[in-house]
Amino acid sequence: MPKTSKSAPASSINIGISEKDRAAIATSLGNLLADTYTLYLTTHNFHWNVTGPMFNTLHQMFMVQYTELWNAVDPVAERIRSLGHAAPGSYAQFGKLASIKDAPATPPKALEMVRILVDGHESVARTARKIFPIAEKAGDEPTADLLTQRLTVHEQTAWMLRSLLEA
């Protein structure tokens, strides 16, 4: 039977990024993960609870958006793991780390849902943008690439949602 290898402790990782920089990047990515997951949950909530004349349009749009967000959490968490740190994964941790508020307990009207999601996508974009200087200083191209991808999605989604609010 082959021996199973244990994962290396964070201090023995030698990927060309110092332990201090890996910790700073992982901590910041934890904030991005919390924001992404919180926005995912809010978007999925709104998908379930949207009503009114724009129901079909918003119901479908929210489904596309929450699916994209769901698919985004894994690469962020796996980047944290690649840096040698544990990814946060509980509601309690996400509540402490997220910069965006949880969904309202009572579902808002459809256009208020759109406003909340615009704010959420803009907040996640700001969180991602704050990580760039840390990743660039450390020469962490994979994290910078991940951030670029996330920024593109969040900025474009915020623009599309904002367009629904124009009269």
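Before moving on, here are some points about what is shown:
- Per-region count, the stretch 56-95, residues among the basic types (Lys, Arg) and in contact with a helix residue (DSSP H, G or I) (Cβ under 8 Å, 6 or more places away or on another chain): 1
- Filtered residue count, the stretch 92-108, keeping only those that are closer than 25 Å to ALA26 by Cβ, surrounded by 14 or more Cβ atoms within 10 Å (Cβ to Cβ) and not polar (S, T, N, Q): 4
- LYS6 falls short on exactly one of the conditions (1) modelled with pLDDT under 95; (2) surrounded by 11 or more Cβ atoms within 10 Å (Cβ to Cβ), and that condition is (2).
- The residue of the stretch 52-91 that is surrounded by the fewest Cβ atoms within 10 Å (Cβ to Cβ), among those that are β-branched (Val, Ile, Thr) and under 15 Å from THR38 (Cα atoms), is THR67.
- When restricted to residues that are buried (at least 21 other Cβ atoms within 10 Å of the Cβ), more than 12 Å from the chain's Cα centre (by Cα) and over 16 Å from VAL64 (Cα atoms), the stretch 130-166 contains 4.
- Reported count of residues in the stretch 131-167, each being out of contact with any Asp or Glu (no Cβ under 8 Å at 6 or more places or on another chain) and among the basic types (Lys, Arg), is 2.
- In the stretch 116-129, the residues that are under 13 Å from the mean Cα position of the chain (by Cα) and of a type outside the set (A, V, I, L, M, F, W, C): GLY120, HIS121, GLU122, SER123, ARG126, THR127, ARG129
- Odd one out for ILE80, checked against (1) in contact (Cβ under 8 Å) with a residue 60 or more places away in the chain; (2) assigned to a helix (DSSP H, G or I); (3) touching a Gly at 6+ places or on another chain (Cβ under 8 Å): (1)
The values are calculated or read from the model by the stated rules, or taken from the named source; none is laboratory data. Everything numeric here is computed off the predicted structure, so don't read it as measured data. Methodologically, a virtual Cβ is constructed for each residue, glycine included, from the backbone with ideal geometry; neighbour enumeration extends over all protein chains shown.
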